[in-house]
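Nothing in this text is a laboratory measurement; each read-out follows from the coordinates by a stated rule. Everything numeric in this text was worked out from a predicted model, so none of it was measured. Glycine also receives a Cβ, built like all others from the backbone with ideal geometry; neighbour counts cover every protein chain displayed.
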């Protein structure tokens with residue numbers, strides 16, 4: 001996929017180019033310090049699929065640039081890369097692909113790129129056919145809420161209509177009473193106001209899905225609503241769960257398959273949207289991912305592939321730095337390659353983290369394990 005960079009700081013061009021060069025699926029074809037030049041380039045180069053855009057720039061802001069692209073029906077997926085967290089809500093109203101806060105990590109950037117590729121139907125699940133039927137719908141819920149098919153990618157009219165779609169999708173095929181939708185999605189509002197917002201969001205949801213030919217997927221039923229997608233729709237979280245659940249044991253023979261499944265988890269359910277009503281499902285998927293990743297780490301260690309184990313464990317450690325089991329495995333992996341300095345640094349960092357965040361010291365069994373590895 002071809003990509004461009006739009007940032008008034010040339011230093012960021014160098015940083016992002018270097019990071020994106022590690023992702024062979026992406027080819028950076030242009031870098032611009034103002035949005036006007038970027039717009040002119042995109043008009044002449046229709047094959048560009050991704051734009052990394054700073055929000056705060058002299059002249060036209062990144063938000064205005066994205067709004068203009070959306071209004072023009074541009075197929076370019078936009079990722080904001082900025083130091084300004086306070087713009088997040090405005091960014092998501094514009095249906096951008098992602099919102100990255102500087103400094104951007106390589107792992108976070110890779111997840112964003114994977115989502116971009118999936119949205120373009122260029123990164124298909126490994127168990128799917130090599131080509132996607134023209135009328136098949138692809139839904140991405142891991143890391144975002146995206147719907148796409150041969151007609152294009154959904155552009156949500158509002159955050160609430162995207163949330164409503166996510167809610168109905170988790171309960172797909174079942175009628176959800178209006179009273180439950182009001183309680184879960186519009187809780188805290190006065191009833192009449194909440195009912196008005198629900199009606200508006202249903203209308204906006206249908207309008208958002210209409211360009212993809214999916215308006216009628218949202219059905220009204222007996223004072224409630226249901227979402228009916230075609231049976232062959234590809235829903236990433238459902239596919240991840242099915243594949244991860246089937247892979248009960250990871251061996252050298254299926255380690256590559258396990259790695260592909262692990263990499264298909266491109267973010268927690270709904271990403272940064274973090275819907276309150278989805279907390280339990282979000283945790284369930286996160287635990288399923290962690291279980292798969294730890295089993296894959298153990299397989300790598302049994303294969304004497306400590307480098308692969310450390311790479312995956314580092315990702316797990318970034319997700320939850322307080323997870324003692326991950327720290328233990330990281331220490332073991334570093335012991336496998338004789339990296340005593342790495343063990344010492346890891347243990348010292350974990351001890352400091354426990355003291356700073358929880359006001360406690362390391363458990364006795366972890367102290368003993370550390371001393372055993374250093375013995």
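What residues from region 294-308 fall in the zone where the backbone N is under 17 Å from a label point 7 Å along the Cα-to-C-beta line of residue 349?
307-308
Measuring from centroid to centroid over Cα atoms, what is the spacing of region 45-65 and region 318-364 in Å?
The distance from the Cα centre of region 45-65 to that of region 318-364 comes to 41 Å.
Using only alpha carbon pairs under 8 Å that are at least six residues apart, calculate the relative contact order of region 131-275 and give it in whole percent. Working shown, then result.
Numbers: 185 pairs, mean separation 53.0, N = 145.
Relative contact order, region 131-275: 37 percent.
Cα axis of helix 35-44 to longest principal axis of the chain: angle in degrees, 0 to 90, nearest 10?
80
Using the alpha-carbon atoms, what tilt in degrees (0 to 90, nearest 10) does helix 236-246 show relative to the longest principal axis of the chain?
Roughly 40 degrees between the two axes.
Taking 0.36 nm per residue of separation and subtracting the Cα-Cα distance, what length does fully extending residue 37 through residue 107 add?
Details: separation 70, 0.36 × 70 = 25.20 nm, distance 2.95 nm.
Net length gain for the segment: 22.3 nm.
Calculate the FRET efficiency for residue 11 and residue 283 from the Cβ-Cβ distance with a Förster distance of 41 Å, rounded to the nearest 0.05. Before the final figure, lay out each step's value.
Working: r = 38 Å, r/R0 = 0.94.
The calculated FRET efficiency here is 0.60.
Specify the residue with the greatest mean-square fluctuation among 280, 13, 171, computed from a Gaussian network of the chain linking alpha-carbon atoms under 10 Å apart.
Taking springs between Cα atoms under 10 Å, the residue moving most is 280.
Under the definition of Cα pairs under 8 Å and six or more residues apart, what whole-number percent is the relative contact order of the chain?
On the way: 494 pairs, mean separation 40.0, N = 375.
Normalised by residue count, the contact order of the chain is 11 percent.
Sorted from fewest to most neighbouring beta carbons within 10 Å, what does the list 32, 52 look like? Walk me through the intermediate numbers first.
Numbers: 32 21, 52 28.
So the residues, fewest neighbours to most, are 32, 52.
Considering the chain as a Gaussian network with a 10 Å cut-off on Cα pairs, which listed residue, 364, 349, 144, attains the greatest mean-square fluctuation?
Answer for the Gaussian network model of the chain: 364.
Order by neighbour count: 170, 353, fewest other Cβ atoms within 10 Å first, most last.
Working: 170 18, 353 14.
Exposure proxy ranking, most exposed first: 353, 170.
Using only Cα atoms, find the angle between the long axis of helix 340-358 and the longest principal axis of the chain, and express it within 0 to 90 degrees, rounded to the nearest 10.
The two axes meet at around 60 degrees.
Hey, what's the Kirkwood Rh for region 227-283 if you take every pair of different alpha carbons, in angstrom?
Taking the inverse mean of 1/r over all distinct Cα pairs, region 227-283 comes out at 13.2 Å.
Once both labels are modelled 7 Å past Cα along the beta-carbon direction, what's the residue 337-residue 324 spacing in nm?
Taking the two extended label points, one gets 2.6 nm.
Springs between alpha-carbon atoms under 10 Å, Gaussian network over the chain: tell me which of 192, 228, 281 tops the mean-square fluctuations.
Maximum among the listed residues: 192.
Expressed in nm to one decimal, what extension gain is obtained for the pair residue 228 and residue 155 from 0.36 nm per residue of sequence separation less their Cα-Cα distance? It would help to have the intermediate numbers written out before the result.
Details: separation 73, 0.36 × 73 = 26.28 nm, distance 1.92 nm.
Residue separation times 0.36 nm, minus the Cα-Cα distance, leaves 24.4 nm.
Please work out the FRET efficiency for the pair residue 254 and residue 199, using the Cβ-Cβ distance as r and a Förster radius of 51 Å; give the result to the nearest 0.05.
Values: r = 49 Å, r/R0 = 0.97.
It comes to 0.55.
For region 131-275, what is the convex hull volume of the alpha-carbon atoms per residue, in Å³?
Working: hull volume 17.7 nm³, N = 145.
Roughly 122 Å³ of hull volume per residue.
Give the label of the value calculated from the structure for log10 I(q)/I(0) by the Debye sum over Cα atoms at q = 0.09, 0.10 Å⁻¹, choosing from (1) -0.74, -0.83; (2) -0.53, -0.66; (3) -0.61, -0.75.
Of the labelled values, this structure produces (3).
Can you sort 197, 203 so the residue with the fewest Cβ neighbours within 10 Å comes first?
On the way: 197 17, 203 13.
Least to most surrounded, the residues fall as 203, 197.
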